[in-house]
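Report on the structure given below.
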Amino acid sequence: MKAMILAAGKGTRVRPLTHAMPKPMIPVLGKPVMEYLVEHLAKHGFDQIMVNVSHFAPAIEGYFGDGRRWGTQIGYSFEGHIEAGETVASPVGSAGGIKRIQDFGGFFDDTFVVVCGDALIDLDLAAVVRKHWQSGAAASIVVREVAKDRVSNYGVVVCDDSGQIQSFQEKPKTEDALSQLVNTGIYIFEPEIVDLIPRGVDFDIGGELFPLILEKRLSFNAIKAPFNWIDIGQLSDYWEANQQMMRGKLRGVQMPGTEVRPKIWAGLNVKVDWDDVRIEGPVYIGSASHIESGCQIYGPTWIGTGCHLEAGAEISRSILFDYSRIGPSGEVTDSLVFGRNCVDQNGDPVPDLKGALDWVADARELPGHR
């Protein structure tokens, strides 16, 4: 079966993480978020996957290659051009990316699934495709019901009792929402849908293709299915995704490393004075990391490869990217440490009001101890 992963966006809402990497490559529990999708697609029989890429395209292509590691075939469609010898990213919209692939080689010749490259799901995709076929629809959207006070964060889907979609509302005010069903960014399309997409222009799935499907009066179905869905729309979602997954909220996801203490996992060759540190799980400590005496770590916390927590450091519910170092009186709470940055859930820099926080977030650049 065939699928497409949308991976060409800039990821502006999760900056500053995406200043250095494409959004699908942001690590969740130590591996790119898109890898979970590839694994999930392969598990459900999707063995031909096209990915549209644009920003930092080589990072995605270099990591996933031809897909053989996951038992799939993966191909890429680069959205951009060469200018003065430099590669320039030029995304053409989510629907435009589908059309570009189709025009090039006619890939979409049967029912296919489209998923966003920045979401974590445990949905039974094969069952969803069967429901799509049973409905006889030309297009289907997987929807989820959310609490009334959260509808303003999503695209709302309005449908009749039979599941036929009537209209959409893009992030309406709570009092204006006509439904509590929201678009999860998981779509099932028949090839005839691709014919609706104009050639050579930027074209969006939600904002332009869906209204066109309604205008053409094609059968358009909403599929409601029970599953866990963690959407990394913004930096706070990324922080929450790590928190939830470390608590075991996504089926089938295993913590890496070895469980050396209850709810404490470690990679290879870690250096920890277990008798003189306080660690409350869930916590992961990456390989070659050093946790000195007197440190306190409260989970859910992820500590990447090669990190160094000096004596007395305290970490709570945070994410430390690889090769981060926290000084002896440093306190990191509900934050992310990466590169030479420490930011809170909203991406705002964490102020060092007492001069106590000292981090150098790529120890490989610094020979010796500062």
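The values are calculated or read from the model by the stated rules, or taken from the named source; none is laboratory data. As the structure is a prediction and not an experimental result, all values here were calculated from the model. In this analysis, Cβ positions are derived from the backbone assuming ideal geometry, glycine residues included, and neighbour counts consider all displayed protein chains. Ligands, DNA and RNA are excluded from the accessible area calculation, which covers all protein heavy atoms including side chains. Shrake-Rupley method; radii C 1.70, N 1.55, O 1.52, S 1.80 Å.
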Tell me the mean residue ellipticity at 222 nm calculated for the chain from its helices only (DSSP H runs of n ≥ 4, each -39500 (n - 2.57), averaged over every residue, nearest 500). -5000 deg cm²/dmol
Among GLN234, LEU209, ILE264, which residue has its Cα furthest toward the positive end of the charge dipole of the range 164-264, with +1 on Lys/Arg Cβ and -1 on Asp/Glu Cβ? ILE264
In the chain, with Lys and Arg counted as +1 and Asp and Glu as -1 at Cβ, which of these residues, VAL332, PHE104, ILE165, has the Cα nearest the positive end of the dipole, that is, farthest along it? ILE165
Percent of accessible area on the range 1-94 owned by carbon and sulfur, 1.4 Å probe? 52
If one builds a Gaussian network model of the chain from Cα atoms under 10 Å apart, the most fluctuating residue listed among ASN52, ASN153, ASN183 is ASN153
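How much area per residue is accessible in the range 72-182 when the probe is 1.4 Å and only protein heavy atoms are counted (Å²)? Could you put the intermediate results ahead of the total?
Working: 5240 Å² over 111 residues.
Accessible area per residue: 47 Å².
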Taking the Cα centre of the range 270-320 as origin, work out the dipole magnitude from +1 charges on Lys and Arg Cβ and -1 charges on Asp and Glu Cβ, in debye rounded to 20. 220
Cα extents of the range 134-194 per principal axis, largest first, Å, are 36, 22, 15
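So what is Rg over Rh here for the range 206-276, counting just Cα atoms and using Kirkwood for Rh? Provide the component values of the computation, followed by the final result.
Details: Rg = 21.1 Å, Rh = 16.7 Å.
Ratio of gyration radius to Kirkwood radius: 1.26.
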Could you please state, rounded to a whole Å, how far the C-alpha centre of the range 134-164 is from the C-alpha centre of the range 307-325? 42
Return the single residue from GLU259, GLU145, GLU215 with maximal mean-square fluctuation; model: Gaussian network over the chain, springs between Cα atoms under 10 Å. GLU215
In the range 177-196, whose amide N lies under 19 Å from the spot 7 Å out along Cα-to-Cβ of ASP124? List them in ranges. 186-188
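Can you compute the equivalent ellipsoid semi-axes for the range 36-171, i.e. the square root of 5 times each eigenvalue of the Cα gyration tensor, sorted largest first and rounded to whole Å? Don't skip to the answer; put the middle values down first.
Values: eigenvalues 171, 77, 50 Å².
Gyration-tensor ellipsoid for the range 36-171: 29, 20, 16 Å.
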Could you tell me how many degrees, from 0 to 90 and to the nearest 10, lie between the Cα long axis of helix 33-43 and the main elongation axis, the longest principal axis, of the Cα atoms of the chain? 60
Take the Cα atoms of the range 1-108, find their three principal axes, and give me the spread along each one in whole Å, biggest first. 40, 37, 23
Using only the alpha-carbon atoms, how far is helix 94-105 inclined from the longest principal axis of the chain? Give it as 0 to 90 degrees, nearest 10. 70
What are the equivalent ellipsoid semi-axes of the range 265-342, built from the alpha-carbon gyration tensor (square roots of five times its eigenvalues), in whole angstrom, biggest first? 15, 13, 12
What is the dipole size for the chain, taken about its Cα centre, with +1 at each Lys and Arg Cβ and -1 at each Asp and Glu Cβ, in debye to the nearest 20? 460
Quick one: Debye curve from the C-alpha atoms of the range 160-311, no solvent, what's log10 I(q)/I(0) at q = 0.10, 0.12, 0.17, 0.20 Å⁻¹? -0.60, -0.72, -0.99, -1.26
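Take the solvent-accessible surface of the protein heavy atoms, probe 1.4 Å, and return the percent of it on the range 97-243 that carbon and sulfur atoms account for. Before the final figure, lay out the partial values.
Details: 2940 of 6500 Å².
Answer for the range 97-243: carbon and sulfur cover 45 percent of the accessible area.
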Running Debye on the range 180-226 with equal point scatterers at the Cα sites and no solvent, what base-10 log of I(q)/I(0) appears at q = 0.19, 0.24 Å⁻¹? -0.69, -1.04
Please report how far the C-alpha centroid of the range 182-197 lies from that of the range 91-118, rounded to the nearest whole angstrom. 9
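Rounded to a whole number of µm²/s, how large is the Stokes-Einstein D of the chain at 10 °C and 1.306 mPa s, given Rh as the Kirkwood radius over C-alpha pairs? Please list the in-between numbers first.
Working: Rh = 22.1 Å.
In µm²/s, the coefficient is 72.
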